[in-house]
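Notes follow once the structure below has been shown.
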Amino acid sequence: MTNFSLKNFIDGHYVNGDESRSFDVRYPATGEVIYRVEQAGEAMMLQAIKSAKQGFEKWSKTPAVERARILQKAARLLRERNDELAKYEVQDTGKPWQEAVEVDVQTGADSIEYFANLAPSMMGAQQPVGDDFFYTRHEPLGVCFGIGAWNYPIQIACWKSAAALAAGNAMIFKPSEETPRGAAKLAEIFTEAGVPDGVFNVVQGDAEVGRFLTAHPDIAKVSLTGEVGTGKKVMAAAAGTLKQVTMELGGKSPLIVFDDADVEEAVTGAMMANFYTQGEVCTNGTRVFVHESVYDRFMERLVERTRKNIVIGEPMDAKTNLGALISEKHQQLVLEYIEKGKQEGAKLVYGGNAVTPEGCENGYFVEPTIFADCHNDMTICREEIFGPVMSVMTFTDEDEVVRQANDTEYGLAAGVFTNDIRRAHRVIAQMQAGICWINAWGNSPAEMPVGGYKLSGIGRENGVETLKSYTQTKSVYVGMETLQGPF
Ligand code: NDP
């Protein structure tokens with residue numbers, strides 16, 4: 001792998017920063033340092049803001065059809081470079097190539113294409129009031145700040161910038177320091193597609209960079225993907241200048257398997273909801289409630305298929321379907337949760353250990369792990385683990401399982417497997433969650449708004465409503481008669 005230094009991307013190109021404050025990025029499958037990144041200092045961030053303000057001036061006056069053409073070109077370039085970009089995602093995150101090559105870049109491009117196509121049809125309203133009338137304009141907010149998590153680096157950068165840029169805003173984006181390359185590559189592509197300089201700047205660094213820009217008065221909106229704790233801090237910091245916020249935060253989502261479900265399909269869903277991207281997915285259905293009458297069959301097939309079909313290995317190997325966790329620290333955290341599960345009386349029926357596949361002796365892998373005999377009040381059922389750890393519980397009564405499913409401070413996702421059409425919709429209507437699936441898990445097309453209830457977030461990404469959330473409404477009242485007043 002190449003050894004190079006990744007710089008901040010400002011005003012259409014990479015700029016030299018302070019190399020003394022650079023940090024390493026490691027390939028999670030081997031622990032090897034693959035490149036260094038220059039942390040943005042205060043001067044660099046101010047430069048990013050100045051350039052974004054200039055970019056905004058130009059971009060916000062560009063007709064929406066023209067913005068759409070440019071963004072469509074960016075989506076095309078993303079697809080053309082899919083394999084190269086997918087490889088970077090694998091190297092930064094440790095996720096399997098077979099996922100990255102199919103999902104990460106494509107779903108990012110989908111969102112850019114979707115919002116590009118929507119942009120020209122955003123219209124204001126007009127209404128008569130007697131002989132007078134008023135009309136509304138949906139104007140962009142200004143310079144927005146996107147903060148990314150490390151699990152889907154390029155997809156998160158695409159999803160945030162797609163709506164922001166389509167609506168005519170500029171965006172400064174800070175990727176996670178663990179996965180900084182995807183957003184920089186996206187910036188290169190935007191520039192090549194014709195997005196004016198400064199409209200999408202990427203600043204690199206840790207929470208310090210995030211804090212500085214969140215609090216800066218020239219930033220109009222902050223959109224964060226991250227943990228609940230970070231969300232609270234960012235929202236509090238944004239309050240100082242009354243910025244708008246979008247918060248895409250964590251979850252502890254329930255997946256309910258009813259007695260009339262297709263058990264084989266439900267096992268597929270539960271495995272997807274826990275082992276995809278080695279469990280590092282915000283919407284994971286980590287609390288699996290299985291009806292007692294199908295429990296034995298469900299568990300038998302779950303363990304059998306996990307043993308037979310999960311391939312842990314070098315992530316770039318096309319056969320690997322469970323990769324490495326993001327860092328050694330995160331691997332230790334996941335293992336600590338597994339220990340806590342055992343201590344609190346959950347029955348470990350599969351996995352539970354760190355593993356080192358051949359050629360990845362220093363990598364951060366954890367086996368797919370299945371706990372049975374769980375209770376909703378155990379730590380592993382209450383806290384987000386963000387690793388391949390599934391907790392299975394049983395139930396007999398519909399009302400009771402609904403109560404338990406909602407007994408969490410999170411509210412990101414929920415799902416049911418059942419062939420009873422009325423039950424499916426009745427139960428889903430009661431779920432306190434923003435993203436729900438019936439006989440499916442994980443699908444998130446650009447057309448579908450996604451976001452959380454309760455502590456899982458505020459606002460949405462994707463879907464029509466998100467475009468409007470990157471605008472502010474201006475009402476314009478027009479007097480047609482000579483103005484009369486009491487003075
Ligand atoms: P973190 O909350 O640790 O970090 C998210 C981003 O916020 C990083 O870029 C981080 O910088 C930055 N950051 C940290 N502190 C601050 C601060 N005080 N001010 C501004 N920025 C700050 O999340 P992870 O990266 O660990 O990602 C995992 C989390 O993300 C999980 O909880 C997961 O559920 C959630 N997530 C939610 C999604 C959703 O759509 N709802 C989707 C994907 C993930 P740095 O790390 O570089 O220091």
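Read the figures in this text as sums done on the coordinates, not as results from a lab. For clarity, every value in this text was computed on a predicted model and none was experimentally measured. Note that each Cβ is placed from the backbone with ideal geometry, even for glycine, and that neighbours are counted across all protein chains shown.
Output ³J(HN,Hα) for the range 253-267: one whole-Hz value per residue in order, computed from phi by the Karplus curve 6.51 cos²θ - 1.76 cosθ + 1.60 with θ = phi - 60°, and x for Gly and Pro.
Computed from phi, the couplings for the range 253-267 are 7, x, 10, 10, 10, 7, 5, 9, 6, 6, 4, 4, 5, 5, 5 Hz.
So for Leu118, Leu333, fewest C-beta neighbours within 10 Å to most, what's the order?
Ordered from fewest to most neighbouring Cβ atoms within 10 Å, Leu118, Leu333 come out as Leu333, Leu118.
Rg (Å, one decimal) plus Dmax (Å, integer) for the alpha carbons of the range 331-487?
Taking only Cα atoms of the range 331-487, I get Rg and Dmax of 23.5, 87 Å.
Find how many whole Å separate the alpha carbon centroid of the range 84-162 from the alpha carbon centroid of the range 440-487.
15
Mind checking the dipole of the range 399-487: about its Cα centre, +1 per Lys or Arg Cβ, -1 per Asp or Glu Cβ, Debye to the nearest 20?
So the dipole magnitude of the range 399-487 works out to roughly 80 debye.
Would you mind telling me the antiparallel percentage of the DSSP bridges in the chain, rounded to 5?
The antiparallel fraction comes to roughly 45 percent.
Can you give me the angle between helix 292-309 and the longest principal axis of the chain, using Cα atoms only, in degrees from 0 to 90, rounded to the nearest 10?
In the chain, helix 292-309 runs at an angle near 80 degrees to the longest axis.
In whole Hz and in residue order, list the ³J(HN,Hα) couplings for the range 137-144 that follow from phi through the Karplus curve 6.51 cos²θ - 1.76 cosθ + 1.60, θ = phi - 60°; x for Gly and Pro.
In residue order, the calculated couplings are 10, 9, 9, x, 7, x, 9, 9 Hz.
Based only on the alpha carbon positions, what is the Kirkwood hydrodynamic radius of the range 398-453, in angstrom?
Value: 11.8 Å, from the Cα pair sum.
Just going by the charge dipole of the chain, with Lys and Arg at +1 and Asp and Glu at -1 on Cβ, which of Thr369, Phe9, Gly94 is farthest out on the positive end?
Of the listed residues, the answer is Phe9.
Could you grab the relative contact order for the chain? Cα pairs under 8 Å, six or more apart, rounded to a whole percent.
After rounding, I find 18 percent.
If we sort 26-37, 338-349, 87-98 on the protection proxy, mean other Cβ atoms within 10 Å, highest first, what's the order?
Highest mean packing first, the order is 87-98, 26-37, 338-349.
Given Cα positions, please report Rg to Rh for the range 205-356, the hydrodynamic radius being the Kirkwood one.
Rg/Rh: 1.07.
If one computes the Cα centroid of the range 287-348 and of the range 203-257, what distance in Å separates the two points?
About 30 Å separates the Cα centre of the range 287-348 from the one of the range 203-257.
With +1 on the Cβ of every Lys and Arg and -1 on the Cβ of every Asp and Glu, and nothing else charged, how large is the dipole of the chain about its Cα centre, in debye rounded to the nearest 20?
My answer is approximately 1200 debye.
Please compute the Kirkwood hydrodynamic radius of the chain from all pairs of different C-alpha atoms, in Å with one decimal.
Hydrodynamic radius (Kirkwood, Cα only) of the chain equals 23.5 Å.
Can you tell which of Phe190, Ala215, Phe200 lies farthest toward the positive end of the dipole of the range 182-221, using +1 and -1 charges on the Cβ of basic and acidic side chains (Lys, Arg; Asp, Glu)?
Ala215
Looking at the range 185-253, what % of the alpha carbon pairs are farther apart than 19 Å?
Pairs farther apart than 19 Å: 44 percent.
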